[in-house]
Amino acid sequence: MKAANFAYHAPTTRQELFALLAELDDARMIAGGQSLVPMMNFRLAAPENLVDLNTVGGLDGIEVAGDRLVIGAMTRQRAAERSATVARVCPLLVETLGRVGVQQIRNRGTVGGSIAHFDPTAELPVAAVALDAEVVLESLRGARRMPVADFGSDYLTTEIEPDEVLTAVEVPLWPEGHGAAFDEVTRRGDSYAIVSVAALVLLDAAGRVARLSVAIGGLTHAPARLAVDAMVGAAPEGEALAALAETARALPADGDGLMAAEDKQHLAATLTERVVRRAGERARRSTG
Ligand code: FAD
């Protein structure tokens with residue numbers, strides 16, 4: 001099918017972009033187009049106005065600013081995946097991005113577009129929640145920040161206002177020596193996750209958990225953050241890890257056409273055990 005008719009707008013500056021979004025009715029931004037174009041072609045979306053983010057300068061880029069990694073919204077997923085900076089300070093993102101579709105999709109798809117689209121089975125929002133990342137939302141009214149963990153309000157729906165642009169994703173950095181891992185179960189190797197888990201762990205000198213963060217995607221409309229306090233002071237393996245996996249199994253889940261809720265919960269438990277153990281092994285290797 002072909003998309004319904006729309007008016008195309010190509011702002012070149014942020015101010016022009018913000019002004020257009022403030023004045024236009026029924027406008028949709030296009031970034032990499034990897035989700036929006038198929039939706040428009042299937043007539044699942046039929047915006048009257050399409051506002052191109054590709055023509056606006058300065059919305060991409062990767063930098064470390066103080067204790068944060070700042071990724072411009074229009075940074076292509078593949079550019080972030082291949083960035084030496086991201087690899088050095090946030091290996092979890094590199095591993096996670098490598099699981100987003102296939103390379104051709106990541107060449108066009110953007111980091112901001114993936115978070116803005118907030119597909120419940122997308123990989124990037126899961127890592128972003130585990131990392132305590134924030135989105136920067138800008139409009140003529142100013143800028144605000146919001147944790148990615150609070151961004152999704154329903155399936156494919158976020159807290160962004162119609163005149164706002166997601167301009168950057170900010171990731172607080174974990175200390176050197178932390179371990180991180182991501183894994184997922186998919187229908188096919190390169191497709192969206194049915195359930196996915198991202199974890200970061202910092203160990204003390206005795207190899208016990210000093211800090212842990214775990215996020216699980218695919219269970220409901222937004223990634224769930226796992227309660228991990230009971231793991232602090234324990235080794236990331238054995239009984240403590242098995243108990244954590246049971247906490248994951250107890251998270252609420254929605255069944256869908258692909259899988260029943262209790263099967264998703266089973267995957268959440270299995271993946272949590274696997275991913276936290278792997279993150280722990282990586283932390284041990286990087287400090288030992
Ligand atoms: P677009 O498609 O351009 O936009 C998506 C939505 O976000 C639109 O509503 C748009 O208005 C909004 N938006 C985009 N950028 C902004 C912004 N800066 N501010 C506010 N709103 C914005 N994704 C996965 O996570 N995992 C997969 O396994 C996967 N497999 C795929 C396989 C195929 C065959 C295809 C076609 C896509 C796949 N994707 C997958 C989707 C891909 O990651 C998209 O790139 C991503 O979902 C959206 O990013 P985009 O830049 O293409 O955004």
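Computed from the coordinates by the stated procedures, all read-outs in this text should not be read as laboratory data. Note that this is a predicted model, so its numbers are computed, not measured. Because the Cβ atoms are built from the backbone with ideal geometry, glycine has one as well, and the counts that use them run over all protein chains shown.
Here are the numbers:
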quantity	calculated
Virtual spin-label span in nm between GLN15 and ASP150, 7 Å along Cα→Cβ	3.1
Within the chain, percent of DSSP bridges classed antiparallel, to nearest 5	85
Average projection area in nm² (convex hull over Cα atoms of the chain, one quarter of hull surface)	15.0
Potential extension, GLN103-ALA227 segment - 0.36 nm per residue separation minus Cα distance	41.3 nm
Percent RCO, i.e. relative contact order, over the stretch 62-172, from Cα pairs under 8 Å lying at least 6 residues apart	30
Whole-number percent relative contact order across the stretch 162-254, with pairs defined as alpha carbons under 8 Å at least 6 apart	18
The chain: relative contact order as a whole-number percent, Cα under 8 Å and 6+ apart	15
Cα-Cα pairs of the stretch 116-170 separated by more than 13 Å (percent)	57
For the stretch 7-52, Kirkwood radius (reciprocal of mean inverse C-alpha pair distance, Å)	10.9
The stretch 179-287: C-alpha pair distances exceeding 19 Å, %	39
Whole-Å semi-axes of the stretch 62-172's equivalent ellipsoid (Cα gyration tensor)	20, 16, 13
Mean-position separation - Cα centroids, the stretch 166-195 and the stretch 246-288, in angstrom	13
Net charge dipole size for the stretch 71-220 [Lys, Arg +1 and Asp, Glu -1 on Cβ; Debye, nearest 20]	520
Spacing of the two label points (7 Å from each Cα toward its C-beta) at THR157 and ALA235, in nm	4.8
Distance (nanometres) between label positions extended 7 Å along Cα→Cβ at MET1 and ARG188	2.2
Theoretical gain in end-to-end length, ARG141 to GLU48 [0.36 nm per residue, Cα-Cα removed]	31.2 nm
